[in-house]
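These notes concern the structure reproduced below.
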Amino acid sequence: MSNKILWIAAPAMLALGLGLGFWFASTPQTSAPSTIPPKKSDILFYRHPMNPEITSPVPAKGEMGMDYTPVYAGDEQMDKAPIGTVKIDGVTTQNIGVRTTKAKVEAMSHIVRAVGRVDYDEQNMVRLHPKIEGWVEDMYVDKTGQWVKKDTQLLNIYSPQLVASQEEYLLALKNNKALEKSPIDTIRKGAEQLLKSSRERLKLFDFPAHQLLELDKTGRVKKNIHIHSPAEGVVMKIGARNGQFVTPQTEIYMIADLRTVWVYANIYEYELPWINEGDLVEMQLVGIPGRIFKGHLAYIYPYAESETRTIKVRLVFDNPELLLKPNMFADLTIHANPQSNEVVIPSEAVIRSGSRNQVFVVRDKGKFEPRLVTLGLESNGKIAVLEGLKAGEEVVTSAQFLIDSESKLREATAKMLESMSSDKQTSSSKMQMPQEITHD
């Protein structure tokens, strides 16, 4: 039974224990002897110095001439410590370079770096379409890149439809003047309503207020309608030229106010817990050396990009000098808000093995206990521990892999001894059972 358990447990421990087993076997043991030396009768068996799978009930030597290591009963029951606890004397601890540090409660900060692309502020963009059909005449702004102010006259459009609407308005105006003193209330109100409807129709066609005022004064129909800029900004696109026939589907101008720009960037999933809307952002561009632009993170999009597995974010920057131009690439630094009141240890203190994360806690001088922990955010060589460790506890930060190897060997040996003890108790109970006597 015991040999079967050894064959199951030992191969898993072989790779981990090989390095430390060689160390302990080849290094002279200079530790001070204990007060009461172990008795020879306390030796359970002898273990091969290089292959813990091989054991012997009597002293033996390996292929390289090294003595088998004795395994004592007391080695696996140190003060009833948790399984896997390792006890190493001070000299060996120093020789293998064991270093420790205490877990602390402190704030964790993080800097997220990304590459961004400058784009228009969508809230300050205007795409101008005429509300009538007609022919373009007299273009006053005919070059992209021009800066225009609000209400700047851009071009004129001749529209027969608008000419007809003006004539209807002038007729309604004359009719209202002729009937404004009518004693019949219905006729008087009908004339007023007709004038109001005609005026409203011109406004819906974006007939400029100054042309409507001039129409009232002169009573003469205007051939062209003036198209004015609805906002201040840079002309980014011109979709019509002199003599061109345009309809409401024609985008004749695109105007963008570049004094504020948006910057898009992609953030990796593991950095997403760090960032929040409102975080400070710094930006540098190759085309503008020596300048650092400061903005903020305005929005985190609620979906991930399927191809890159990143999350898009939108940043906002002021651009009063118009140095930032759409489609420029930039280097971004997002200063995430600090995470406070976290139990923090160095990242190198954690032994990651599959789905388990483990640290070695110093229980006493030379005694190291393995402990599973639940980890949180990681940054700048430090990691937060959510469960399994308290502030002030001391953890191993160097040579913990050697200690882990010995810990796993001790754990396997403890399980083997437990199985052997169980087998002995079972055999003893069978021997003590009374034999049934039968009579012929």
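Working ranking of peptides 155-164, 214-223 by packing, defined as the average number of other Cβ atoms within 10 Å per residue, highest first, is 155-164, 214-223. Applying 1/(1 + (r/R0)^6) with R0 = 30 Å to the Cβ-Cβ distance of Trp135 and Lys196 gives a FRET efficiency near 0.50. Backbone amide hydrogens, once placed in the peptide plane, bring His296 within less than 5 Å of Val281, Val316, excluding anything fewer than 5 places away on its chain.
Measuring r between the beta carbons of Gln249 and Lys150 and using R0 = 30 Å, the FRET efficiency lands at 0.75.
Distance between the 7 Å Cα→Cβ label points at Arg188 and Val221: 3.2 nm. I'd like the distance separating the alpha-carbon centroids of the range 269-345 and the range 192-206, in whole Å. First find each Cα centre; the distance between them is then 50 Å.
If you sort the three axes of the alpha carbon gyration tensor as a ≥ b ≥ c, you get a/c of 1.5 or more for the range 139-215 and a/b above b/c, which makes it prolate. Using the Karplus relation 6.51 cos²θ - 1.76 cosθ + 1.60 with θ = phi - 60°, the per-residue 3J(HN,Hα) values for the range 214-225 come to 5, 5, 5, 6, 8, x, 10, 6, 8, 6, 10, 9 Hz, with x marking Gly and Pro. Ligands, DNA and RNA left out, the 1.4 Å accessible surface of the range 262-352 is 50% carbon and sulfur atoms.
Take every Cα pair under 8 Å whose residues are at least 6 apart in sequence, average their separation, divide by the length of the range 220-280, and the relative contact order is 29 percent. Measuring r between the beta carbons of Glu282 and Ala164 and using R0 = 51 Å, the FRET efficiency lands at 0.30. The heavy atoms of Met64 offer some 140 square angstrom of accessible surface to a 1.4 angstrom probe.
The values are calculated or read from the model by the stated rules, or taken from the named source; none is laboratory data. Quick caveat: nothing in here was measured; it's all calculated off a predicted structure. Neighbour counts are summed over all protein chains in view; Cβ atoms, including those assigned to glycine, are modelled from backbone coordinates with ideal geometry. These accessible areas exclude ligands, DNA and RNA; they are computed on the full protein's heavy atoms, side chains included. Shrake-Rupley method; radii C 1.70, N 1.55, O 1.52, S 1.80 Å.
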